[in-house]
Every structure is written in C-alpha cells, then in structure tokens.
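Scroll down for the structure; my scribbles are underneath it.
Quick note: the coordinates plus some simple rules give every number you see, no bench work behind them. These numbers were taken from a predicted model, which means no experiment stands behind them. Note that each Cβ is placed from the backbone with ideal geometry, even for glycine, and that neighbours are counted across all protein chains shown.
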C-alpha cells in the first residue's frame, strides 16, 4: 500500500508540531509571510524545528522574497525546502534554487484549465509543485484561504516533477481529493484549524488518518514523472 505524504502548513506552536510529527507527517510548514495569521518569526521557526526527527522536512513558505530576506531567514532557521508562494517566475525559481542550494517547492494557483500550463512551466525548474486553489481577486493571502478548485482539472495528469495537492482540504474531503486526482502528497493549513492560525491536534490526526486510508484508492497519474 502506498504511503500518502502529508504536509501541515502554518505551524506556530510546539504542541502543533508535536501532534503533526506524532501523526506521521512528511513535511512541517513554517510561514514567513507577515500578513498571514500563520506567520512566525525565523527564531520561532528555529525553536520549533530544532527537535524535528530525521525524515521530516522543514518547509519555509515565502511570498516573492528578496535574496536578503531568504538569507536572513535561513541564517536563523535551518530549512530543508523553500516554498515560493507568490508570483515568482520560473526564472526566479531556478535562481533561488541555485543561489541557496535548497530544493524549491513552487505553488501554482488553479482556477480553470488556462492555469494548468503554469504547472508544467514551473515543474521544469522546481523540485516540486504545489497545486493550490487560486485565491479570489483582491485576496490578501496567496493560499490558506480554505478554497478548493475543480479537482477534475488535474485528474490523472503528470508533470515534469513531483507535485502536491492543496486548497480547501479537510479531514472530511481529503480522501475524495486523493481518489479524484491521484495525488500522493497533500497539504493542509486552514482545514485543521480551530481558529485562524491555531491548529487543532485532533484535526491533524484525523486528516493524516483520512489521507492514509485513501491510499489504496489512488487513481492513475501521480506525484512524479
């Protein structure tokens, strides 16, 4: 049975990190975008990530960061993956990857079929693509808005690099999302919160359990080329 990889994004407290690790997540997401209710300082992320066991990746979410911001953050908070969640171009993704020597995950927002080309474009330079729901016009946050997109748009598709599904996922719908898209990796933020920026350990456990239980129902298509 294939093991579904889960990422919990926007972790801010030690009990949240402990619950995610105990549940068996593959990725812990730390948000460095100040307008987000999930944002934390690099020193806080460093403290939270210090006891993370081997095999669990620490992911830092940035939105259109400058090199100076990336360097300053990485000097304080060791990360395993840089997640770019803004309007970064493929060229910028490649630049960050080369300059900082870390794998880069690029988020691509999807609302309709016209957005799918960007997944392939970024997939040629990124180490992983996060396929997320495109935020509403005028939204402050580029992700974490609790919105899903039409999963039929990506059912059975393949891209040049591994990919992860995000956008409006919850313990109640993640199994259906996996079955419909063939995703082998899923990301959750607001779907396991009791309030904006506050993770619920019970919901984290429920989400991971639901994702794992969906493993045998995977559709064709998948995480990598």
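Per residue of the chain, what 222 nm ellipticity follows from adding -39500 (n - 2.57) for every DSSP H run with n ≥ 4, rounded to the nearest 500?
-9000 deg cm²/dmol
Note the full-extension length gain between residue 74 and residue 3 as 0.36 nm times their separation in residues minus their Cα-Cα distance, in nm to one decimal.
Full extension of this stretch gives 22.6 nm more.
How do the peptides 37-44, 108-115 rank, highest first, by the average count of neighbouring beta carbon atoms within 10 Å per residue?
Final packing ranking: 37-44, 108-115.
Select one label from (i) 0.93; (ii) 0.97; (iii) 1.09: the one whose number is Rg/Rh (Cα atoms, Kirkwood Rh) as derived from the coordinates shown.
(i)
Among bridges DSSP assigns within the chain, what percent are antiparallel (round to 5)?
5 percent
Which of the peptides 6-18, 54-66 is most tightly packed, and how do the rest follow, going by the mean number of other Cβ atoms within 10 Å of each residue?
With the highest mean Cβ count within 10 Å placed first, the list reads 6-18, 54-66.
With a cut-off of 8 Å between alpha carbons and a minimum separation of six or more residues, what is the relative contact order of the chain in percent?
It comes to 21 percent, rounded to a whole number.
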